[in-house]
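What follows draws every value from the coordinates through simple rules; no lab data is involved. Quick caveat, the model's predicted, so the values are computed rather than measured. Because the Cβ atoms are built from the backbone with ideal geometry, glycine has one as well, and the counts that use them run over all protein chains shown.
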Amino acid sequence: MINLAGRTALIAGASSGLGAGFARVLARAGGRVVLGARRIERVEALERELADAGAEALAVSLDVTEEASVIAAYDRAEARFGIVDTVVANAGIAAGGRSTAVPASDIRRVIDTNLVGAYLVAREGARRLIASGSRDREDGRIILIGSVTAGQVHTGDAAYAASKAGIAHLGRQFAREWIRQGINVNTIQPGWIHTEINDAWYRSDASRGAIAGLPRRRMQEADSLDAMLVYLASDCSKAVTGAVFTIDDGQSL
Ligand code: NDP
């Protein structure tokens, strides 16, 4: 079992779904976790849950679309735990609709949160890592959460899919820029997992046919990403950077 003792991870979008799960698994592996989201009461509840289980956790208010909020979240994290060496840029939203009808405000919100937000969160983490000497330690780990949708075409998903395709390329760009600064950057692209982001769709009639049409005729299990996340957050992945891991239960086959 990989041990993350001594490492500190900041998880953007830790108030529900995959991000809350990522926080739990990183904490279980021995890491300190900083839980960022806009719904502060949710991350505070998760902080209490993890502390009760013996982990070191800190809830911080975070809006990834606001640079000042990103900086403030890192400031709080550093004041408590020191340098954040692991960044999980997981915050995301979806706003679908036929491309001819979707409001400009929805397009901007999705790109701003999913792509610009991941950029700001990764960049602030990298700046601080570089300033703290990650070049010598080679301990920086940045994990971007993309989506299988980056490589697929679904009517009504244009802005979301474009934001996630952007994430995969952002990961490769950052990986090349920061490779000599001791920071590895990788992307995980999950398939469809039932969380709050797709709950309304999941409960609708439309989802039945779509799920039945998946290769395994079911949504992916939320914990199917855990081992990859812990690996990418650890020293074991020292030689892995600029990679895009699609973990989608065969959805893209
Ligand atoms: P959830 O809706 O459960 O979680 C989304 C998280 O993002 C929440 O914690 C939310 O927190 C946070 N978030 C949204 N906007 C912001 C913001 N401006 N600032 C900070 N945090 C924000 O969905 P998932 O867990 O499924 O999604 C997590 C990631 O996984 C997303 O990037 C999503 O695109 C991706 N993904 C999900 C898939 C799925 O099928 N579920 C498939 C492929 C990828 P809050 O609202 O409290 O700020």
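Quick one: check the C-alpha center-to-center distance for the stretch 184-200 versus the stretch 78-120, whole angstrom. After rounding, the separation between the Cα centres reads 12 Å. Phi-derived couplings, Karplus 6.51 cos²θ - 1.76 cosθ + 1.60 at θ = phi - 60°, listed residue by residue for the stretch 18-23: 4, x, 5, x, 4, 4 Hz, with x used for Gly and Pro. Applying a DSSP loop filter and a limit of 11 other Cβ atoms within 10 Å to the chymotrypsin sites (Phe, Trp or Tyr not before Pro) in the stretch 100-190 leaves nothing. The stretch 182-253: which trypsin sites (Lys or Arg not before Pro) are DSSP loop and have at most 11 other beta-carbon atoms within 10 angstrom? The qualifying sites are Arg203, Arg217. Using only Cα atoms and rounding to the nearest 10 degrees, what angle (0 to 90) does helix 40-52 make with the longest principal axis of the chain? On a 0 to 90 degree scale, this one is about 60.
In the chain the Cα-Cα distances spread across 5 Å bins starting at 0 as 1, 7, 14, 19, 21, 17, 11, 7, 3, 1, 0 percent of all pairs. Axis of helix 117-131 versus longest Cα principal axis of the chain: the two differ by about 20°, to the nearest ten degrees. Near Phe245, the amide H atoms lying under 5 Å from its own belong to Thr187, Ile188, Gln189; only residues 5 or more places off or on other chains count, and H is placed 1.01 Å from N. Note that the stretch 80-91 has calculated 3J(HN,Hα) couplings of 8, 10, x, 4, 7, 9, 10, 10, 10, 8, 10, 4 Hz, one per residue in order, obtained from phi through the Karplus relation 6.51 cos²θ - 1.76 cosθ + 1.60 (θ = phi - 60°); glycine and proline are x.
When only alpha carbons are used to place a centre, the stretch 139-158 and the stretch 43-64 end up 26 Å from one another. Residues whose amide H comes within less than 5 Å of that of Arg7, counting only those at least five positions distant or on another chain, are Arg32 (H built at 1.01 Å from N in the peptide plane).
The angle separating the long axis of helix 158-178 from the principal Cα axis of greatest extent in the chain is about 30 degrees.
Taking Lys and Arg as +1 and Asp and Glu as -1, the other residues whose beta-carbon sits under 15 Å from that of Ser134 total +1.
Close amide H contacts of Ala95 (hydrogens built in the peptide plane, cut-off under 5 Å, sequence separation of 5 or more or a different chain): Tyr160. Counting beta carbons within 10 Å around each of Thr86, Thr8, Thr65 and listing the fewest first gives the order Thr65, Thr8, Thr86.
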